[in-house]
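Step one of this worksheet: look at the structure below.
FYI, it's all coordinate maths here, none of it is from the lab. No experiment lies behind these values; they were computed from the predicted model shown. Note that we place each Cβ from the backbone using ideal geometry, even for glycine, and neighbour counts take in every protein chain shown.
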């Protein structure tokens, strides 16, 4: 019996359903159900009343959680003690657009707190990086999380998200995104990427006949072209500083703007790896620090 099942049981009691627990624990509802059945077999007691439309925890379920809570808390504390060396080398993939935002702070954090842990970063596209993690060629990757078809063998740790925005030439008068698209050529972001696919769906839902005149695969190149007055584009601006180098007018798309979610992805079998937990800690601290700075 894996210890994670007890944490899942606690989440079911707190969240009130297998579906809500699945979202919190980054599992499928069927995986939650399977864990609970295995746990019932392990303790030899019925933990849920399944007679109604929704399962309800029994008194035995609450008792099991109470019995395990302190032990799990102390075990997690022992695993995270910095007195135990976290060392080794992690092969980390990362999409190019997030590197300036995330990589320097993450590397500095790890150098200061876990000096015996080395990270070998490499760049790539989200789909290729996910395949490399699944195949064991990378230990982890920071990618654009797919909207559908998550790989069941991977564990996702959300890091940040960015709205897709329209960028227009700097001298353009204020107007709606649709009006700007009608007046200008559309510079498409690489359609094989998550951002490119989201942007294309947004444009074609409103202007089915709109065709792009140019397709590029990096945000800096697109922003530079827009800044030069050669068209408009829909992109995610992970690092808004690029707009200081190449000035553009930024137009938000409103409540229905597509949103790109950036996540750290690892194999489920490695979810308890201490080096990977340290990596996630470093990334969370880095993005939290940038958010705090932006808010001041």
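Observations
- Cα long-axis angle, helix 274-295 against the chain (0 to 90 degrees, to the nearest 10): 50 degrees
- Global geometry of region 162-259, whether rounded, prolate or oblate, following the gyration tensor of its Cα atoms and the 1.5 cut on a/c: rounded
- Sorting 72, 92 from the fewest to the most surrounding beta carbons within 10 angstrom yields 72, 92.
- Computed E for residue 87/residue 163 - FRET, C-beta separation, R0 35 angstrom, nearest 0.05: 0.35
- On the beta carbon distance between residue 218 and residue 116, with R0 = 41 Å, the FRET formula returns roughly 0.75.
- Tail fraction, Cα-Cα pairs, region 4-79, threshold 16 Å, whole percent: 47 percent
- Full-stretch length increase - residue 60, residue 205 - with 0.36 nm per residue and alpha-carbon distance subtracted: 47.0 nm
- Relative contact order computed over the chain (Cα-Cα under 8 Å; 6+ residues apart), in percent: 21 percent
- Among 55, 64, the ranking by other beta carbons within 10 Å of each residue's beta carbon, starting with the fewest, stands as 55, 64.
- Acute angle (nearest 10 degrees) that the helix 29-43 long axis makes with the longest principal axis of the chain, alpha-carbon atoms: 20 degrees
- Separation in nanometres of the label points that stand 7 Å from Cα toward Cβ, at residue 99 and residue 183: 3.6 nm
- The ranking of 12, 219 from fewest to most other beta carbons within 10 Å of each one's beta carbon is 219, 12.
- GNM flexibility winner over the chain from 282, 205, 118 (Cα, springs under 10 Å): 205
- Rounded to 5, percent antiparallel among DSSP beta bridges of the chain: 60 percent
- Over the Cα atoms of region 92-212, the radius of gyration divided by the Kirkwood radius equals 1.07; this is the Rg/Rh ratio.
- Fluctuation leader among 42, 114, 189 - the chain, Gaussian network, Cα springs under 10 angstrom: 42
- Convex hull volume of the Cα atoms of the chain, normalised per residue: 167 Å³.
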